[in-house]
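Here is the structure we will look at, set down as structure tokens.
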Amino acid sequence: MDLAHVMNPDKLTTVGWREWAALNDLNIPRIKAKVDTGARTSALHASQIIPVRQDGISRIQFKIHTQQTTNELETVCVADILDQRAVKDSGGHVETRWVIESRITLGLQTWPIEITLTARDDMQFRMLLGRTAMKNRIIVDPSRSYLTGKRSSKPGKSNS
């Protein structure tokens, strides 16, 4: 890991309270993420979560709707299982969740993060970026949004 940015806070990327991200290893080119300093672990809305064994490796298969206002676009993902952990949500409820890893791209930076899979049907954002994923990489300006670039909502349109 390149620790140059850790020693120099000027190298940290400033982000807003919500940002567009890509989850490279899950083939998700864009997803709106809530940057949540109150959450330790990052979370991804997933449904139809099924443990599978492929080539002797324990994996998890799941579906995700990457747009927060519709369930029309569905992506099927498969990832290696890192762990299964008890996670306490913002309401104090404890849930056992599968943990996976994916490289995330936020602005010009790409790095691996751990992500828990959970049903976020009632939540506004399909992804939460927790503070473990942010550590030594980003600073949050809670008064701003999309500091790493706002993506167009329609494929083929340029970013603004």
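Annotation for the range 36-59: no member residue is β-branched (Val, Ile, Thr), assigned to a strand (DSSP E or B) and within 16 Å of the chain's Cα centre (by Cα).
Scanning the range 54-83 for residues being surrounded by 15 or more Cβ atoms within 10 Å (Cβ to Cβ) and closer than 17 Å to Ile113 by Cβ gives a total of 8. Condition test on Leu12, is it buried (at least 20 other Cβ atoms within 10 Å of the Cβ) and either among the hydrophobic types (A, V, I, L, M, F, W, C) or at pLDDT below 95 (or both)? Against the criterion (buried (at least 20 other Cβ atoms within 10 Å of the Cβ) and either among the hydrophobic types (A, V, I, L, M, F, W, C) or at pLDDT below 95 (or both)), Leu12 does not qualify. Whether any residue in the range 86-102 is within 19 Å of Trp17 (Cβ to Cβ), touching a residue at least 60 places away in the same chain (Cβ under 8 Å) and out of contact with any Cys (no Cβ under 6 Å at 6 or more places or on another chain) is what I want to check. Within the range 86-102, none of the residues are within 19 Å of Trp17 (Cβ to Cβ), touching a residue at least 60 places away in the same chain (Cβ under 8 Å) and out of contact with any Cys (no Cβ under 6 Å at 6 or more places or on another chain). Here the condition is being part of a loop (DSSP other than H, G, I, E, B), exposed (fewer than 11 other Cβ atoms within 10 Å of the Cβ) and modelled with pLDDT under 85; of Lys150, Lys154, it holds for Lys154 alone.
The values are calculated or read from the model by the stated rules, or taken from the named source; none is laboratory data. Just so it is clear, the structure is predicted and the values come from calculations on it, not from any experiment. Reconstructed Cβ throughout: ideal geometry from the backbone, glycine too, with neighbour counts over all protein chains shown.
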